Amino acid sequence: MDNKGLVYLDNAATTQVDPRIADALSKLMQTHLGNPSSRHALGLHAERAVRNARAAVAERFAVDKSRVFFTSGATEASALAILGTAAKQRAPGHVLVSSTEHPSVLDSAALLSKAGHEVERIPVDQDGVIDAKRLESMLRPETFLVAMMHVNNEVGTVQPVGRLALLVKRKNRRCRVLVDAVQSFGLLATKMDGLSADILVASGHKLHAPSGIGCLALKRGVSLAPIWGGGDQEQGLRPGTENVLGIVALGMAATLGRGDRQRLADGCRVLQEAVRAALRDSEPVVASERRAPHIVTVTVPGLRAEVVVNALSERGVCVSSGSACHSRRSLRSHVLTALGVADDVEVIRLSLGRLSSDDEISRGAELIESTLKGLR
Ligand SMILES: Cc1ncc(COP(=O)(O)O)c(C=O)c1O
């Protein structure tokens, strides 16, 4: 689809591939790429490309490059982390997941219940932040995994993961902390030690690489049991011939990052004000000081979110009525429910990326204001 003139405000769902990455991939595709496992020149060339990308990703996580494992995306990375941690337990145990996790974490954790583990959800406050005391009271000696996402994809909450993870470790030294860093990787600090995490997960298509590539990083000394076999790629943890093009793209994306935080925050403010200029009672779901700079989710009082999304789409503006998965399933978002947002409150999510230009943002603001005024 020709997207000239489109205003794309749905970067939390996926991002446009950076032209520099597209260019590099297109050149690479026109060369004869070997299999990184082959020992001839073409294989060694591919292996080198994978090695360089691994080093770039490892730098963002501040881990040794041997601790980065490429996967098909963040969903697979979280599944590997959760199932691979559980597979190392000798007896059924206890798992805690924050109630605003992405379905990739919630659904994989739910699989553990079938294997006899107990899985509980950690409640959050009205901004989506976990209450430390509540978390502490839920931890048990047999808790072997706590999953807390860094930035929520639906409402943008930044979880104080570092502080909470330290609390977990103080109470239960052996418990692993899994952090879904999909929305923060390349934007906020995602160093393994800084977040006091054991396992970090990221995805390429949220930061201007194509979809179908992601990774997990393991802290030194942390290991997972493989959950399928088939080869010794990725140290046997993720067997299967490597997606060399995707890996190269993720390595470049990790280096290029997600853009200037202040510019993204200013852009979100402009968009939020545009909604407010049309709908006086519109409110952000999460207070700005507790939110990542690139996502703002706002209420649309008196309107149905689906109608707003469609009306804006007709005028060339792409926004979402929640996360991409929820908007398609048209279920009430579990994140809004966890934040205590009443069922009849409708919201739209506006999210920016490094390639959102100032002109695109101001055109978006004008179109949002006029479209919403027309719908009122
Ligand atoms: C916070 C979060 N975690 C996980 C995922 C899943 O990532 P992927 O599409 O790479 O499987 C997404 C993407 O929707 C996300 O936003």
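The values are calculated or read from the model by the stated rules, or taken from the named source; none is laboratory data. Given the structure is predicted, the values throughout are model-derived calculations rather than measurements. A quick note on method: Cβ atoms are made from the backbone with ideal geometry, for glycine too, and the neighbour counts reach across all protein chains shown.
Under 9 Å by Cβ, and 6 or more places apart or on different chains, what pairs join a residue from region 153-165 that is under 18 Å from Val285 (Cα atoms) with one that is within 11 Å of the ligand (Cβ to nearest atom) and of a type in the set (Asp, Glu)? So the pair list comes out as Asn153/Asp180. Checked against (1) at positive phi; (2) part of a helix (DSSP H, G or I), Leu167 passes all but condition (1). Only one of the numbered conditions (1) part of a helix (DSSP H, G or I); (2) within 11 Å of the ligand (Cβ to nearest atom) is not met by Val182, and that is (1).
Residues of region 138-162 that are outside any strand (DSSP E or B), within 12 Å of the ligand (Cβ to nearest atom) and either among the hydroxyl-bearing types (Ser, Thr, Tyr) or touching a His at 6+ places or on another chain (Cβ under 7 Å) (or both): Met149, Asn153, Gln159. For Leu279, the conditions (1) touching an Asp or Glu at 6+ places or on another chain (Cβ under 8 Å); (2) more than 16 Å from the ligand (Cβ to nearest atom) are fulfilled apart from (1).
Close Cβ contacts (under 6 Å, 6 or more residues apart or on different chains) running from residues in region 19-47 that are more than 30 Å from Gly353 (Cα to Cα) and aromatic (Phe, Trp, Tyr) to residues that are modelled with pLDDT under 95 and not in a loop (DSSP other than H, G, I, E, B) are absent. The residue list Leu33, Leu96, Leu25, Leu135 contains one member that is crowded, with 18+ Cβ neighbours inside 10 Å, away from the ligand (no atom under 16 Å from the Cβ) and not in a helix (DSSP H, G or I), which is Leu96. Assessment of region 69-88 against the conditions (over 19 Å from Pro226 (Cβ atoms), touching a residue at least 40 places away in the same chain (Cβ under 8 Å) and part of a helix (DSSP H, G or I)) yields no matching residue.
A single member of Ser351, Ser327, Ser320 is buried (at least 16 other Cβ atoms within 10 Å of the Cβ) and at pLDDT below 95, and it is Ser327. In this structure, is Leu200 within 16 Å of the ligand (Cβ to nearest atom), farther than 16 Å from Ser72 by Cβ, surrounded by fewer than 21 Cβ atoms within 10 Å (Cβ to Cβ) and at pLDDT 95 or above? Here the answer is no, as Leu200 does not meet what is asked. For region 343-376, give me each residue that is touching a Ser or Thr at 6+ places or on another chain (Cβ under 9 Å) and assigned to a loop (DSSP other than H, G, I, E, B). Within region 343-376, Asp343, Val345, Glu346, Gly353, Arg354, Leu355 meet the criteria. In this structure, does Leu224 turn out to be within 22 Å of the chain's Cα centre (by Cα), touching a residue at least 12 places away in the same chain (Cβ under 8 Å), more than 16 Å from the ligand (Cβ to nearest atom) and surrounded by 24 or more Cβ atoms within 10 Å (Cβ to Cβ)? Answer is no for this residue. All conditions in (1) touching a residue at least 60 places away in the same chain (Cβ under 8 Å); (2) crowded, with 18+ Cβ neighbours inside 10 Å hold for Gly194, with the sole exception of (2).
Reported count of residues in region 60-87, each being among the hydroxyl-bearing types (Ser, Thr, Tyr), under 10 Å from Ile199 (Cβ atoms) and within 12 Å of the ligand (Cβ to nearest atom), is 1. When Val119 is tested against (1) surrounded by fewer than 24 Cβ atoms within 10 Å (Cβ to Cβ); (2) of a type in the set (Val, Ile, Thr); (3) within 16 Å of the ligand (Cβ to nearest atom), exactly one condition is not met: (3). Annotation: Ala287 fulfils all but one of (1) under 19 Å from Gly340 (Cβ atoms); (2) in contact with an Asp or Glu (Cβ under 6 Å, 6 or more places away or on another chain); (3) surrounded by 15 or more Cβ atoms within 10 Å (Cβ to Cβ); the unmet one is (3).
Being closer than 27 Å to Asp18 by Cα, surrounded by 24 or more Cβ atoms within 10 Å (Cβ to Cβ) and of a type in the set (A, V, I, L, M) is a property that holds for Leu250.
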